[in-house]
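Down below is the structure, laid out as structure tokens.
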Amino acid sequence: MKTKKVELDVDFIGEQTSLTKEEEKTLSEYIKKKKAKKAKSSSRKTKTIKQMI
């Protein structure tokens, strides 16, 4: 069965005011930590053709 998506009748989600400097800094730090964690976990060793032979 197909599920029906509910479409909300809104133009935006959240506040219309801009972020404060403190909020921008906090968000930036969070994104940097997530990128570093992702880069660290994706740096696995891969087998090359020579290693498999």
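Side notes on the structure shown:
- Filter result for K50 (in a helix (DSSP H, G or I), modelled with pLDDT under 80, loosely packed, with under 10 Cβ neighbours inside 10 Å and charged (D, E, K, R)): yes
- Failed criterion for I13 (all others in (1) surrounded by fewer than 10 Cβ atoms within 10 Å (Cβ to Cβ); (2) at pLDDT 80 or above hold): (2)
- E29 being at pLDDT 85 or above, part of a helix (DSSP H, G or I) and surrounded by fewer than 10 Cβ atoms within 10 Å (Cβ to Cβ): no
The values are calculated or read from the model by the stated rules, or taken from the named source; none is laboratory data. Model, not experiment: these values are computed from the prediction. Backbone-built Cβ (ideal geometry, glycine too); neighbour counts: all protein chains shown.
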